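Structure first, commentary second.
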Amino acid sequence: MILGAIEISLRSTRFSLSEVSSGSARRIVERRHAVTAGVDGLDRISALIMAEAECARDHGADRVEVLAVPTLRGSRLIRLLDRVADAVGAGPIHIPTRRDWAAASFLGVTVPAGDFLPDPVSVAVIGETAIGLAVGTPGEVPEWIGSRPVGASTMTRKARFQDPPRPGQIEAAITGASRGIASMFPPETDRVLVVSSLAPVVERLCGPSIGPEEARKGLGAILGQTSEDISAWFGAEMALARHLPGIIVGHAALAEGLGVRVEPALCDLPASLEWLAEREQLVTGQEPS
């Protein structure tokens, strides 16, 4: 199956096209557009939805879906964009709950990994406004799920990050986020994999196995760098580059709050949501759609 997805987040809109099977996902196309998710951006996001939906179908997509982050639920922007999504045959806009977002990310990491992960395993996902954490058997719907409102942009705002952020602001963000993570009290596991939009960059800066010290070294490597510098250095879009300090802070907070080393990981969100729907239908006895 070929799935097309248009993902609307607070500061960007991403289009992706993936070939998805029961145990793997292969990304065919991916591109990100820097546009703020507000009514002022309605015309531009509408045009993006129409253009990318047409592109997905030109590439043979079996289904095209428009997704939005939980923070946009009930917003005027989504009510207006629902009409656009309906018009191109992709509506209504799907807004996963925080639980579904965490559960889907868990499957997005563990399904392709097959038998290479321990049972149980933890998967965290760092979003713009929250960090989700799921624990369970690889390839199955997780048995434990929690989240805290300490996402990359939330931490940036609460710690009043400048561009670039100062060391004191970074430490304040780590302290606050660590407390939030520690208050979840998840089941203990030997491995914690962390999904973020900049996982390869985090691994390059901090290494494949990250404790608080490695995370701080990674933050030290970009200390004094503006988001423009980071964008040029790593080839990341500006909307993502602004979040890199907050994303690394999230890794530090998970490592400190859980008392474990964490590992950067990637997942394909549209494929992840498809796998979650399939498994939940099996649990409830419904026929897969």
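The values are calculated or read from the model by the stated rules, or taken from the named source; none is laboratory data. A quick note: this is a predicted structure, and the numbers were derived from the prediction, not measured. Reconstructed Cβ throughout: ideal geometry from the backbone, glycine too, with neighbour counts over all protein chains shown. Side chains are part of the model used for accessible areas, which takes the heavy atoms of the whole protein and leaves out ligands, DNA and RNA. Shrake-Rupley method; radii C 1.70, N 1.55, O 1.52, S 1.80 Å.
Just a few scattered comments:
- The selection criterion, being at pLDDT below 95 and either open to solvent by less than 40 Å² (accessible area, probe 1.4 Å) or touching a Cys at 6+ places or on another chain (Cβ under 9 Å) (or both), does not hold for Ala5.
- Some residue of the stretch 33-54 being under 18 Å from the mean Cα position of the chain (by Cα) and of a type in the set (Gly, Ala, Ser): yes
- Meets criteria (part of a helix (DSSP H, G or I), closer than 19 Å to Leu273 by Cβ and out of contact with any Asp or Glu (no Cβ under 9 Å at 6 or more places or on another chain)) for Ala51: no
- For the stretch 34-45, a residue qualifies if it is open to solvent by 40 Å² or more (accessible area, probe 1.4 Å), without any contact (Cβ under 8 Å) to a residue 60 or more places away in the chain and not acidic (Asp, Glu), and the qualifying residues are Thr36, Val39, Arg44.
- Cβ-Cβ under 8 Å pairs, at least 6 apart or on other chains, the stretch 173-192 side assigned to a helix (DSSP H, G or I) and modelled with pLDDT under 95, far side open to solvent by less than 60 Å² (accessible area, probe 1.4 Å) and of a type in the set (Phe, Trp, Tyr): Ala173/Phe161
- The residues of the stretch 141-192 that are among the hydroxyl-bearing types (Ser, Thr, Tyr) and closer than 20 Å to Thr71 by Cα, listed by number, are Ser147, Ser153, Thr154, Thr156.
- For the stretch 59-151, the strands (runs of 3 or more DSSP E) that sit wholly inside it and include 2 or more residues that are open to solvent by less than 30 Å² (accessible area, probe 1.4 Å) are 63-68, 121-126, 131-136.
- Enumeration of residues in the stretch 13-22 that are closer than 27 Å to Gly114 by Cβ and assigned to a strand (DSSP E or B): Arg14, Ser16, Leu17, Ser18, Glu19, Val20
- Test set (1) farther than 27 Å from Ala103 by Cα; (2) open to solvent by less than 30 Å² (accessible area, probe 1.4 Å); (3) in a helix (DSSP H, G or I) - Arg216 fails condition number: (2)
- Residue match in the stretch 23-46 (condition: of a type in the set (Ser, Thr, Tyr), in a loop (DSSP other than H, G, I, E, B), out of contact with any helix residue (DSSP H, G or I) (no Cβ under 6 Å at 6 or more places or on another chain) and over 24 Å from Ser231 (Cβ atoms)): no
- Any hit, the stretch 248-268, residues being under 14 Å from the mean Cα position of the chain (by Cα), at pLDDT below 90 and either surrounded by fewer than 24 Cβ atoms within 10 Å (Cβ to Cβ) or of a type in the set (A, V, I, L, M) (or both): no
- Among the residues listed as Glu203, Glu280, the single one being more than 18 Å from Arg166 (Cα to Cα), modelled with pLDDT under 95 and surrounded by fewer than 23 Cβ atoms within 10 Å (Cβ to Cβ): Glu280
- Flag for Pro208 being outside any helix (DSSP H, G or I), at pLDDT 90 or above and surrounded by fewer than 18 Cβ atoms within 10 Å (Cβ to Cβ): yes
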